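Below is one structure, written out as structure tokens; comments come after it.
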Amino acid sequence: MSSSKRYKLFTERAPKPIGPYSVGIRSGDLIFAAGTTGVDPATGKLVSGGIEAQTRQTLHNLAAVLEAGGSSLALVLKTTVFMQDLKEFAAMNAVYGEHFPVDPPARTTVQVAGLPLGAQVEIEAIATVGEGAGD
């Protein structure tokens with residue numbers, strides 16, 4: 001059994017961690033992206049515009065982390081979506097679908113009591129590395 005190296009991912013195109021964790025880890029041909037929210041990396045603040053805007057920014061942030069590791073949204077295998085209010089599911093899902101139009105990944109969506117900085121949505125992912133990166 002071969003051991004694969006672990007690489008901590010970092011990009012200026014995604015918000016910096018607000019605690020002792022990595023935004024992503026690449027191990028072999030897999031990337032484990034930590035949960036990200038709709039924080040604008042330039043300002044460090046949540047974007048305005050409600051669940052749609054936050055979901056869109058969250059997915060842009062997630063894409064940036066994946067790209068830093070040689071992957072892309074097209075190579076995501078599994079996501080977990082954490083939401084403040086599942087009544088907003090349809091609005092979140094519409095934006096999510098724009099980013100995963102073909103063969104979407106497996107997904108779990110749960111409602112939580114709270115998210116960092118008062119975010120309405122947070123998404124984490126597991127992705128592969130390789131062909132399709134940058135799609």
Let me spell it out: the conditions are (1) among the basic types (Lys, Arg); (2) at pLDDT 95 or above; (3) more than 16 Å from Ala125 (Cβ to Cβ), and Arg56 meets all of them except one. Which number is the exception? (3)
Determine if the range 84-92 includes at least one residue that is under 22 Å from Arg13 (Cα atoms) and surrounded by fewer than 19 Cβ atoms within 10 Å (Cβ to Cβ). no
Which numbered condition trips up Gly118, out of (1) of a type in the set (Gly, Ala, Ser); (2) crowded, with 18+ Cβ neighbours inside 10 Å; (3) at positive phi? (2)
Can Leu77 be described as within 22 Å of Val129 (Cα to Cα), in contact (Cβ under 8 Å) with a residue 24 or more places away in the chain and not polar (S, T, N, Q)? yes
Could you give every pair whose Cβ atoms fall below 6 Å, whose first residue belongs to the range 40-69 and is without any contact (Cβ under 8 Å) to a residue 12 or more places away in the chain, and whose second residue is surrounded by fewer than 19 Cβ atoms within 10 Å (Cβ to Cβ) and not acidic (Asp, Glu), counting only separations of at least 6 or pairs across chains? Val47/Ala53
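Yes/no per residue for (1) in contact (Cβ under 8 Å) with a residue 12 or more places away in the chain; (2) out of contact with any strand residue (DSSP E or B) (no Cβ under 9 Å at 6 or more places or on another chain); (3) more than 30 Å from Ser4 (Cα to Cα):
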residue	(1), (2), (3)
Ala34	yes, no, no
Met83	yes, no, yes
Ala90	no, yes, yes
Thr128	yes, no, no
Which of the residues that make up the range 15-57 are of a type in the set (A, V, I, L, M, F, W, C), outside any loop (DSSP other than H, G, I, E, B) and either touching an Asp or Glu at 6+ places or on another chain (Cβ under 7 Å) or under 17 Å from Leu117 (Cα atoms) (or both)? Ala33, Ala34, Val39, Leu46, Ile51, Ala53
So, of the residues in the range 58-83 that are touching a Leu at 6+ places or on another chain (Cβ under 6 Å) and assigned to a loop (DSSP other than H, G, I, E, B), which turns out to be surrounded by the fewest Cβ atoms within 10 Å (Cβ to Cβ)? Ser72
Matching residues, the range 35-75, being in contact with a Gly (Cβ under 6 Å, 6 or more places away or on another chain) and of a type in the set (A, V, I, L, M): Leu46, Val47, Val65, Ala74, Leu75
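The values are calculated or read from the model by the stated rules, or taken from the named source; none is laboratory data. Owing to the predicted nature of the structure, the values given are computational and were not obtained by experimental measurement. Quick reminder, even Gly has a Cβ in these numbers, built from the backbone with ideal geometry, and neighbours come from all protein chains shown.
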